[in-house]
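Sending over a structure as structure tokens; questions will come in a sec.
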Amino acid sequence: MTDKAISPLRRRMIEDMTIRKLAPKTQHDYLQRVKDFAVFLGRSPDTASKEDVRRYQLHLASSGAHTPKINSTVSALRFFFDVTLDRADLAKQASFVREPRKLPVVLSPQEVARLLEAAPGIKYKAALSVAYGAGLRISEVVALKVSDIDSKRMMLRVEQGKGHKDRHAMVSSAAGAAARLVSRRAATRLAVSRSGPGQSHDDAPAASRL
């Protein structure tokens, strides 16, 4: 999308989100939610009234929208009204929906073992082991580097995880062993590629990423 195609209102909202360092995905979702609201109104969202906000929430609930979608829409509209439009009265009109808390499904040790054994290779087995054993999110596992593994203390350094915060996580002995095995294999591949002919720069990340 070119600069000319962006409306002043949309541009201002993007700038407001940028100032507050909202994640790219959050910015994308907020813009989409406000766009959906504008489609419902049939006019610019900055002309909305309290009754319009109420009607839209009723529309979402009656159309079968799930609680996560309703709450993400409320977050987007509250930001749009409160920050971009400076209309706190409209922001208060958007209400979150309480989602019932449910007990998670807990796998037995035997089920966990079968899950890990089903992994197609040591790299994927290590990733699953670390994710399960240390309680890491998918994005955190993907960003994990070999240098983040503290084998002596059996800990992982998680950089910029949820909430853009660094933290340490305990890792099980099995997950730690798998991660160390992956790191040794990656280091070996890198050493071979550097010493042998046809070296490729694409091999370098293999030694730094889990």
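Bear in mind these aren't lab numbers, they're just calculated from the coordinates by the rules spelled out. The structure presented is a predicted model; accordingly, all values stated were derived computationally and were not measured. In this analysis, Cβ positions are derived from the backbone assuming ideal geometry, glycine residues included, and neighbour counts consider all displayed protein chains.
Too long at a 29 Å Cα-Cα cut-off: which of K25/K145; K69/K165; K50/K165?
The answer is K50/K165.
Same structure again: Pull out the extension gain between E15 and K69, defined as 0.36 nm times the separation in residues minus the alpha carbon to alpha carbon distance; nm, one decimal.
17.1 nm
To the nearest 0.05, what FRET efficiency results for F40 and I6 with a Förster distance of 22 Å applied to their C-beta separation?
Given R0 = 22 Å and the Cβ-Cβ separation, E is 0.55.
In µm²/s, what is D for the stretch 1-83 at 37 °C and 0.692 mPa s, where D = kT/(6 pi eta Rh) by Stokes-Einstein and Rh is the Kirkwood radius from Cα pairs?
246
Stretched out fully, how many nm does the piece from D29 to K145 gain, at 0.36 nm a residue minus the Cα gap?
Stretched out fully, the D29 to K145 stretch lengthens by 38.9 nm.
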